[in-house]
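The values are calculated or read from the model by the stated rules, or taken from the named source; none is laboratory data. What you are looking at is a predicted structure, and each value in this text was computed from that prediction instead of being measured. Using ideal geometry, Cβ is built from the backbone for each residue, glycine included, and neighbour counts are taken over all protein chains shown.
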Amino acid sequence: MAPVITREEFLRGKLRFFRDIRDGGIFVHPTDTIYGLGCDATNEKAVQRLRELKQRPDGSLSVIAPSLEWIRAHCKTQGHEEWLERISSRYTLIYPLRGKAVAPSVTLGAKTLGVRIPEHWFSAVVKELGFPIITTSANIHGEAFMTSLENLDERLASEVRFIIFEGEKVAKPSTLVDLTGPEPKLIGR
């Protein structure tokens, strides 16, 4: 199993962990809702490897964005700008994508991107990194998502570089809000 570290251990050794992430490492990270499986969303090889580990060959992946400015620069938010005020709540906002902000395997040809900036200390880490991080539930696709170390799938635990653990999570995944049309559409999970 990959090393399990606390927030404090991560922050103390962040230069080493940042290097792991920049080098394409896949890791488990906490959010305000559940645990996520993450990697550098601009690194094509890392995203492909994450898809293999998760056994999810199709469907777009979401990201934790480094900032609202990054979202405005890379997503077409016009007409739905007010939703950015709710980005720190438990929503993943799906906007039309502008240009090539992420690796092709993130969207698989879709012209949209799901973005979040959770109200959680890990968002400051992403901001400091300066690039988006994949955030998808830490599980094999179709199976129960991780809420504690006891239910982290061994296949994932043995393949990630590190696991940031901060105790059991009791929330549900974020709610998807499709903002690609004239009216917002809530997509249940």
Check your understanding: Residue check, Asn43 against (1) of a type outside the set (A, V, I, L, M); (2) touching a residue at least 24 places away in the same chain (Cβ under 8 Å); (3) closer than 20 Å to Glu143 by Cα, all met but one. Which one?
Key -> (3)
Exercise for review: Output the residue which, of all residues in the range 57-82 that are in contact (Cβ under 8 Å) with a residue 40 or more places away in the chain and surrounded by fewer than 17 Cβ atoms within 10 Å (Cβ to Cβ), is farthest from Asn139 (Cα to Cα).
Suggested key: Gly79
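Residue by residue, here is whether (1) assigned to a helix (DSSP H, G or I); (2) under 15 Å from the mean Cα position of the chain (by Cα) holds:
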site	(1), (2)
Pro57	no, no
Arg72	yes, no
Lys100	no, no
Val106	yes, yes
Leu113	no, yes
Phe131	no, yes
Check your understanding: Within the range 61-69, is even one residue part of a loop (DSSP other than H, G, I, E, B), over 14 Å from the mean Cα position of the chain (by Cα) and either more than 20 Å from Ile117 (Cα to Cα) or among the small types (Gly, Ala, Ser) (or both)?
Key -> no
Exercise for review: State whether one or more residues within the range 15-35 are of a type outside the set (Lys, Arg), surrounded by 16 or more Cβ atoms within 10 Å (Cβ to Cβ), without any contact (Cβ under 8 Å) to a residue 60 or more places away in the chain and not in a helix (DSSP H, G or I).
Suggested key: yes
Point to revise | Identity of the residue in the range 36-56, out of contact with any strand residue (DSSP E or B) (no Cβ under 8 Å at 6 or more places or on another chain) and closer than 20 Å to Ser158 by Cβ, that ends up surrounded by the most Cβ atoms within 10 Å (Cβ to Cβ) | key: Arg51
Check your understanding: Using beta carbons and a limit of 7 Å, which pairs, at least six apart or on different chains, have the first residue in the range 111-126 and farther than 12 Å from Arg86 by Cα and the second one at pLDDT 95 or above and aromatic (Phe, Trp, Tyr)?
Key -> Thr112/Tyr95; Leu113/Tyr95
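Please specify each residue of the range 142-184 satisfying the condition of being touching a strand residue (DSSP E or B) at 6+ places or on another chain (Cβ under 8 Å) and among the basic types (Lys, Arg).
Arg161, Lys169 - these are the residues of the range 142-184 that are touching a strand residue (DSSP E or B) at 6+ places or on another chain (Cβ under 8 Å) and among the basic types (Lys, Arg).
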Point to revise | Ile163 within 27 Å of Arg22 (Cβ to Cβ) and in contact with a Phe, Trp or Tyr (Cβ under 8 Å, 6 or more places away or on another chain) | key: yes
Review point. Yes or no: Val160 part of a loop (DSSP other than H, G, I, E, B), surrounded by 15 or more Cβ atoms within 10 Å (Cβ to Cβ), hydrophobic (A, V, I, L, M, F, W, C) and touching a residue at least 12 places away in the same chain (Cβ under 8 Å)?
Key: yes
Review point. Among the residues of the range 77-85, is there at least one that is under 18 Å from Arg51 (Cβ atoms) and among the hydrophobic types (A, V, I, L, M, F, W, C)?
Key: no
